[in-house]
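The values are calculated or read from the model by the stated rules, or taken from the named source; none is laboratory data. Because the structure is a prediction, the values reported are computed rather than measured. Using ideal geometry, Cβ is built from the backbone for each residue, glycine included, and neighbour counts are taken over all protein chains shown. The accessibility values were calculated without ligands, DNA or RNA, using every heavy atom of the protein model including side chains. Shrake-Rupley method; radii C 1.70, N 1.55, O 1.52, S 1.80 Å.
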Amino acid sequence: MKKITVLLVAVALMLSGAAQAQSQYEELLRQDLRTMKTAIVTEAMMLTEEQGEAFWPIYRDYDNELAKHWDSRLALIQSYAEKFESMDDATADQLMKEAMKLRSQRMDLRNKYYKKMKKEVGAILAARFSQIDGVIQNIVDLQIASELPLVIRTAPEGEDGR
């Protein structure tokens, strides 16, 4: 649990610094986050050497695909921040559709890699990883949600027909 708290702090730093930091700094934060996540997975998975040989290549592929997902998610958050002060119904709808699409894609990715892991290391270890990954994702999602302001009407009344 202590390591998960450290992960949460790293995510908070990544999110708060991402808007203001240079790209090199952002990349360092992302690398630190990935390193901490890998350490949590390593400890929680409790793999034998043989299991690890099958698991880690699949995990690396998953983590690389997940990084692309996070790039899209961070771009959406930046778009939200840029449009926040001029929010209208159409913009809110567009942003929510994209957020739901990304959430669905993340679940599809998790399902894809659960199947791969199950085939290589068995259902129990695949399920354990899915649980660990789910907890990490939930913590990150909670941190993001706590940092983002709720949508409010910022466009002048009547511009969107209401």
Worksheet, complete the sentence: Of the listed links K37/K68; K97/K119; K83/K115, those spanning more than 27 angstrom between alpha carbons are K97/K119; K83/K115
Worksheet item: Efficiency by 1/(1 + (r/R0)^6): what FRET value for D32 and V135, r their Cβ-Cβ distance, R0 = 22 Å, to the nearest 0.05?
Response: 0.70
Worksheet, complete the sentence: For segment 95-104, Karplus-derived ³J(HN,Hα) couplings (6.51, -1.76, 1.60; θ = phi - 60°; whole Hz; x for glycine and proline) come out as 5, 5, 4, 5, 4, 5, 5, 5, 4, 5
Worksheet entry | Pairwise centroid distance, computed over Cα atoms, of segment 84-138 with segment 40-75, Å | 14
Worksheet item: Which shape class, rounded, prolate or oblate, goes with segment 38-147 when its Cα gyration tensor gives a ≥ b ≥ c as root eigenvalues, a/c under 1.5 marks rounded, and past that a/b bigger than b/c marks prolate?
Response: prolate
Worksheet item: In whole percent, how big is the carbon plus sulfur part of the accessible area of segment 64-162, probe 1.4 Å, protein atoms only?
Response: 55
Worksheet item: Which whole-Hz ³J(HN,Hα) couplings does segment 120-126 yield from phi under the Karplus relation 6.51 cos²θ - 1.76 cosθ + 1.60, θ = phi - 60°, glycine and proline marked x?
Response: 8, 10, x, 5, 5, 5, 5
